[in-house]
Structure formats: C-alpha cells, structure tokens
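The values are calculated or read from the model by the stated rules, or taken from the named source; none is laboratory data. The structure presented is a predicted model; accordingly, all values stated were derived computationally and were not measured. All Cβ positions, even for glycine, are placed from backbone atoms using ideal geometry, and neighbour counts span all protein chains on display.
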Amino acid sequence: MGSDLRRRTADGSAVHTAEFIVSSARLTELYECSALLRRTRMRAEEIVDEARALLAEAEQRGHADRIASLRVQVEQARQAYCKVLNAYVTICRRITEERQAILQAQMERERHSGLSGVA
C-alpha cells in the first residue's frame, strides 16, 4: 500500500509536503556537516598554534635544523586549516541558501493559498 502523492493535504499538495521533508532532511545533513567541520576547524586551529609554539621554542633555543623543518610544518598546518575553514564557510553559505529556499517555498504556498503572511 503506497502513498498517493496526488492527493491534497490540508495546507497544500502532498508534493509540496514531500519537497519540504526533503529540504528539511538536506538542511539537517548540512547542519551535521557544519558541526563536524566546526570541530575539525577548531582542532586544526589548535594544531597550527601548537606548531607555531614548537617553532618559537626551536627559534629561542637556536635549533637551526629543527627550525627549517618546523617552518614547513607550520605552513602545512596553516594550509590545511585554510582548507577546513573554506569548507566550513561553504557549508554555512549552503545552509543559508537552503533555509532561504525553504522560507521562499513556504511564502509561495501561503501566497497561493490566499494567506497574506501578515498576522
């Protein structure tokens, strides 16, 4: 026994309801990704700070061989942090776009159902 997507629901079509469910699920997934990227970003920032601290210590102690190696590691850590930060910003932007699309669809449904949107 399958669902009939052509039947009407109280506040619009079942298709609109299904689209809303899909959009909400997509938004939930984006929020989960952003939470993971936020934790990753924070850890990447800690790693950059730790690498810089090790470099500063090596510079203070005059360990020339370690300084060159640590400079490379600081730069690698910084580049990795930038990638994570860019991914985080991209996900946040996508969340905003998805939320706006959901709100726009809701406003369109209300407009078509004769509601003014003003309470």
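Numbers below:
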| item | result |
| --- | --- |
| Selection count where residues are exposed (fewer than 15 other Cβ atoms within 10 Å of the Cβ) and either of a type in the set (Ser, Thr, Tyr) or closer than 15 Å to residue 92 by Cα (or both), scope the range 32-69 | 6 |
| Some residue of the range 44-60 being touching a strand residue (DSSP E or B) at 6+ places or on another chain (Cβ under 9 Å) and either within 30 Å of residue 14 (Cβ to Cβ) or not aliphatic (A, V, I, L, M) (or both) | no |
| Subset tally (residues that are surrounded by 14 or more Cβ atoms within 10 Å (Cβ to Cβ) and either over 11 Å from residue 33 (Cα atoms) or in contact with a strand residue (DSSP E or B) (Cβ under 7 Å, 6 or more places away or on another chain) (or both)) for the range 84-93 | 2 |
| Within the range 13-58, tally of residues that are free of Cβ contacts under 8 Å to residues at least 60 places away in the same chain, assigned to a helix (DSSP H, G or I) and either among the aliphatic types (A, V, I, L, M) or closer than 30 Å to residue 111 by Cα (or both) | 22 |
| Residue in the range 107-114 that is modelled with pLDDT under 95 and either assigned to a loop (DSSP other than H, G, I, E, B) or of a type in the set (Phe, Trp, Tyr) (or both) present | yes |
